[in-house]
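Here the structure comes first, spelled out in structure tokens, and everything after it is commentary.
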Amino acid sequence: MGETRAAGPAPRVSPDVLREALDRHPLVNLTGPLGIGKSRLVSSLASVSVLDLSQPDALEAVPAALAEDTRAPLALDSADSPDALSALEAVRARRQQDGRPVLVVSRRSLLAHPKWTLSGATVLRVSAWEDERIRKLAADAQLHAPQSQDLVVRLAAGNPLIAGAACRALHAGASPHVPGTVADQITQEIIERLSRELPAQRWRGTLDRLATMWSGDEALLQADPEVFDALRGLSVVARSELGLAVVEPFRSVIELAHRWRQPTAHRGTRTRALAYRKRLLATEPSAEHRSRLAESVMALSDDDAVRETLFPASSSTGLVHTADPGDADDIGELMHWWARSGGLDTRRTDRMVEQWLRDDPSGFQLLRDGDGRAAGLIGLLHVAERTVPSVESLLQEHADGLFGRPRGAGSLVLGAAYCPDRGLHAFLLRHLLHQVRSRGLLLTVSTPNPDYQRLLRGLRFRRHGTTTDDIYRCGRRPEIYSQDFGRDALPDWVERLVPVSDGVAAPQGPTGRDVGWALARIRDEAGLADSPLLACARTATVMDLQEWLRDAVRALEDGDSPEDAEAGWILRHYYLGRPRTHQQLALQLHISRATYFRRLHHGLDTLGRLLSTEDS
């Protein structure tokens, strides 16, 4: 897949790490998002002089401070506005070997500015706080109600400025049950801090629209080049493949406030963004870019499970790589915790993992966090002859539709996905979905987890039913879902996911998969009552559907084409005759397993097209 491992984990910035960097390097740049606690960290260092570059006299004060005869470090805080960067010219002009060590504190890395790229500055980035530390901040602010603390943790996503502003809003009377009122006060504090970078009147309204549409180019934002460039200069805005984007957790907070304050404008921005992205998607030639466009549509979903699971207010990222033999211990430990967290039988899970590794050694992908630790994983199986045992154990009777697909029609089965960190978990799942979309694959998911089932329904994956057995011995039979991400199927999926108009997706014609699902339940009238084939005029009742299926299979077997006749024979004996396995029927026909499944699919697809023709 072309991934590369990180060269090595960067240390988390603590007072000791910062002090060591200042002892070893003449110029250190402490960076991190707005409100992440950079100034708090600097204030914890002893014998450091601090000069605030946002003050009016900073241009004259910096040269004087550099000239002082001392080896005590000089911290230059708030190096974020054009005026502050001008005040740093004295630092850039001096010989680094001369004078006191300098610590520049900024929201963006100094190396991102043209004059500083080759400055040799050592850059340290402050990380987000852990959720429990944010919860303690809320408790220290005398917010004791669990729902208030939960809201602070969710909105802050590790940012202490946002956490503190949320606490102030709640103490001022905002209700934790109306998050928009809390987000509105937080947004006002964010805007006030950002206005020190650039005057707010140049970008204020456009920032709301950008946060609402997830990302936007100049045309979608309906912004002139000057406003677009002003937005790009803000520290909370980053470049993305689809234009500019407000970074998390600021995006989520600003959008929530905008939705509460101006609901009509919010809805209009969202609707315009959806229509614009779908127009681009229809004509985009690059599979990679189509996938990103589809992701941006997914981000605009109103479904709570989709938004909370895939797009939480978190900027966490990591490195996903294909596992190798040296990762066996990490895989074993993560899969153990996956089983424990889902209430699964760990011994049964261990045996299944051993089978997966034998069938598809490259199927596991590991997520490593910023410290290089294995933080999560996904367990995939490439559908092929060698993976038949594992795929059939996961899907049981639902495996029929995967084998023998046309050559070049790739297919993956997801058996496990686990990461306890919500931000990294979202990153991992988005990475998986990008893989299958950009490669045009069919993704089939087997899961006993109710949360994943809710997510898959929100993503409009097709539900096939449950397995016959409780394969994980947890009291819940896995549910099976799938979605085809081939080029022709992607626009239909996007429309079903987030319709632009009235939220009702256009009905689709019968498919071979629909026919196979119905044939497997031809003797079960209650089961057939859920068949999408009942939407066809020719098969509008369960009795009509049963009759049509039997007649169509016999007609196919009696056809002139040898391929049709063989396909009809397979359908009749597998679905309408006495119980026999696919392997037994393939041996009786003296054909390979691959040929058998090609014939099976040919028959199902032929019947789907026939019903579609009869219904038109």
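The values are calculated or read from the model by the stated rules, or taken from the named source; none is laboratory data. Here the structure is a predicted model, which means the values were calculated and not measured. So basically every Cβ, Gly included, is an ideal-geometry build from the backbone, and we count neighbours across all protein chains shown. Just so you know, the surface numbers come from the protein's heavy atoms only, side chains and all, with ligands and any DNA or RNA stripped out. Shrake-Rupley method; radii C 1.70, N 1.55, O 1.52, S 1.80 Å.
From the residues Gln188, Val515, Gln149, which one has its Cα farthest along the dipole of the chain in the positive direction, the dipole being from +1 and -1 charges on Cβ of Lys/Arg and Asp/Glu about the Cα centre? Selected residue: Gln188. Principal semi-axes of the equivalent ellipsoid, √(5λ) from the alpha carbon gyration tensor of region 253-396, are 37, 20, 15 Å from largest down.
Across all Cα pairs in region 192-265, the calculated P(r) in 10 Å bins from zero up to the longest distance comes to 21, 58, 21 percent per bin.
State the antiparallel share, in %, of DSSP beta bridges confined to the chain, rounding to the nearest 5. Spell out each step's value before the answer.
Values: 30 of 50 bridges.
Percentage antiparallel, nearest 5: 60.
Between amide H atoms placed 1.01 Å from N, distances below 5 Å from Phe364 occur with Ala323, Leu380, all of them 5 or more places distant or on a separate chain. Positive-end ranking of Gly99, Thr606, Gly475 along the dipole of the chain, with charges on Cβ about the Cα centre, is headed by Gly99. Taking 14 Å as the cut-off, the amide N atoms of region 564-605 that come nearer than this to a point 7 Å along the Cα-to-beta-carbon line of Arg523 belong to 573-581. Measure nothing but the geometry: give the 0 to 90° angle between the long axis through the Cα atoms of 287-298 and the longest principal axis through the Cα atoms of the chain, rounded to 10°. Taking Cα atoms only, the helix is inclined about 80 degrees. When a/c reaches 1.5 or more, the comparison of a/b and b/c decides; with that in mind, is region 91-239 rounded, prolate or oblate per its Cα gyration tensor? Since a/c reaches 1.5 but b/c is at least a/b, the shape of region 91-239 is classed as oblate.
Each of Ser316, Ser54 has its accessible area taken with a 1.4 Å probe; listed largest first, they run Ser54, Ser316.
In region 34-106, the C-alpha radius of gyration followed by the widest Cα-Cα span (Dmax) gives 11.7, 33 angstrom.
Rounded to the nearest 20, the size of the Cβ-charge dipole of region 173-214 about its Cα centre is 160 debye, with Lys and Arg at +1 and Asp and Glu at -1. Taking θ as phi - 60° and the Karplus parameters 6.51, -1.76 and 1.60, the scalar couplings of region 425-434 work out to 4, 4, 4, 5, 5, 5, 4, 4, 5, 5 Hz in sequence order, x denoting glycine and proline. Rolling a 1.4 Å probe across all protein chains gives Glu495 an accessible area of roughly 60 Å². Rg and Dmax over the alpha-carbon atoms of region 351-488 stand at 14.6, 43 Å.
Kindly provide the helix-only [θ] at 222 nm of the chain, computed as the sum of -39,500 (n - 2.57) over DSSP H runs of four or more divided by all residues, to the nearest 500 deg cm²/dmol? Intermediate values should be presented prior to the final figure.
Numbers: 28 runs with 298 residues, N = 616.
One gets -14500 deg cm²/dmol as the mean residue ellipticity at 222 nm.
Sort largest first and round to whole Å: the equivalent ellipsoid semi-axes of region 318-430, each the square root of five times a Cα gyration tensor eigenvalue.
On the way: eigenvalues 118, 52, 34 Å².
The equivalent ellipsoid of region 318-430 has semi-axes of 24, 16, 13 Å.
Here the chain has an Rg and Dmax of 29.1, 100 Å, counting Cα atoms alone.
Taking amide H positions as modeled 1.01 Å from N, with prolines and chain starts lacking one, the residues under 5 Å from Ala375 and 5 or more places away or on another chain are Leu367, Arg368, Asp369.
Spin-label model, Asp324 to Glu288: label points 7 Å out along the Cα-to-beta-carbon direction sit 2.3 nm apart. The length gained by stretching the chain between Ser592 and Ala238 to full extension, at 0.36 nm per residue less their Cα-Cα distance, is 122.1 nm. Distant-in-sequence amide contacts of Val123, defined by a placed amide H-H separation under 5 Å and a gap of 5 or more residues or a different chain, comprise Asn29. Projected label points at Arg457 and Val50, each 7 Å from Cα along the beta carbon direction, are separated by 5.1 nanometres.
The 3J(HN,Hα) values that the Karplus relation (6.51, -1.76, 1.60; θ = phi - 60°) gives for region 380-395 are, in residue order, 10, 10, 7, 6, 7, 4, 6, 9, 3, x, 5, 5, 5, 5, 7, 9 Hz. Gly and Pro appear as x. Under the convention that each Lys and Arg Cβ holds +1 and each Asp and Glu Cβ holds -1, the size of the dipole of region 278-334 around its Cα centre is about 600 debye. 3J(HN,Hα) along region 583-597: 4, 5, 5, 5, 5, 5, 7, 6, 10, 5, 4, 4, 4, 4, 6 Hz, from the Karplus curve 6.51 cos²θ - 1.76 cosθ + 1.60 with θ = phi - 60°, whole Hz, x for Gly and Pro. Here the label points at Asp544 and Asp345, each 7 Å from Cα along the C-beta direction, are separated by 4.5 nm in the simple model. Over the C-alpha atoms of region 441-486, the Rg to Rh ratio, Rh being the Kirkwood estimate, stands at 0.99.
Dipole magnitude for the chain: about 360 debye, using +1 per Lys or Arg Cβ and -1 per Asp or Glu Cβ, origin at the Cα centre.
Placing unit charges on each Cβ (+1 for Lys and Arg, -1 for Asp and Glu) gives the chain a dipole about its Cα centre, and among Ala374, His434, His258 the Cα reaching farthest toward its positive end belongs to His258. A Stokes-Einstein calculation at 4 °C with viscosity 1.567 mPa s, built on the Kirkwood radius of region 41-157 over Cα pairs, returns a diffusion coefficient of 79 µm²/s.
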